[in-house]
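> Can you keep this structure in mind? I'll have questions shortly.
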C-alpha cells in the first residue's frame, strides 16, 4: 500500500510586487489613530463634565424618575375617585420600604373596580375631601329618619 503523507501541498500563488507596494503606500499615507476627538485641556474638561453627570446628575435623575413612577397608582386612584385611596397611598409607601415589591399590587388595586364598595354604599366612587367622607352609620340614620317622616 501506498503511504499518504500528512502534509498538504499548497498551490503556488502569484504574488504581485505591485500589490505589496500599494499596501506599503497605503500604510504610509494613513493618518495616525487617536483615542479621542479632543486633546489637552478640552479632553480634561469633557472628562470632568462626564464625571459630574455620571456621579451626581444621573443618580438624582434616576431617583426622581423612580419616585414619579412610584406614585402613579396614587394619582390613578385620585383621578378615578377610588374609595380606597388612602389604602393605596399606604401601599405605595410600604412599597418604597420593601424595595418596590408591592408596587404592582398598588397599581392593580388602583385600576380595580370596587364592587363590594358599590354594594355597600351604592356607588363605586368616593368623594375625596375633608367634609365629603362616607359615614355609613350617619347616612343610614338619615335615611331612616327621612323614611319615617
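> Under a point spin-label approximation (7 Å from Cα along Cα-to-Cβ), what is the residue 90-residue 47 distance to one decimal in nm?
5.4 nm
> Could you check the spin-label model distance between residue 35 and residue 60? Points 7 Å from the Cα along Cα→Cβ, value in nm.
3.0 nm
> Additional query: For 111, 121, what ranking results if the residue with the fewest other Cβ atoms within 10 Å of its Cβ goes first?
111, 121
> Would you mind ranking 113, 80 by Cβ crowding within 10 Å, fewest neighbours first? List each step's numbers first, then the result.
On the way: 113 9, 80 17.
Least crowded to most crowded, the residues run 113, 80.
> Over the stretch 28-102, what portion of Cα pair distances is larger than 19 Å, expressed as a whole percent? All intermediate terms of the calculation are to be shown ahead of the outcome.
Numbers: 1697 of 2775 pairs.
Value for the stretch 28-102 (Cα pairs over 19 Å): 61 percent.
Every read-out reported here was derived from the displayed coordinates using simple, explicitly stated rules and does not represent laboratory data. Everything quoted here is computed from the prediction, not taken from an experiment. Backbone-built Cβ (ideal geometry, glycine too); neighbour counts: all protein chains shown.
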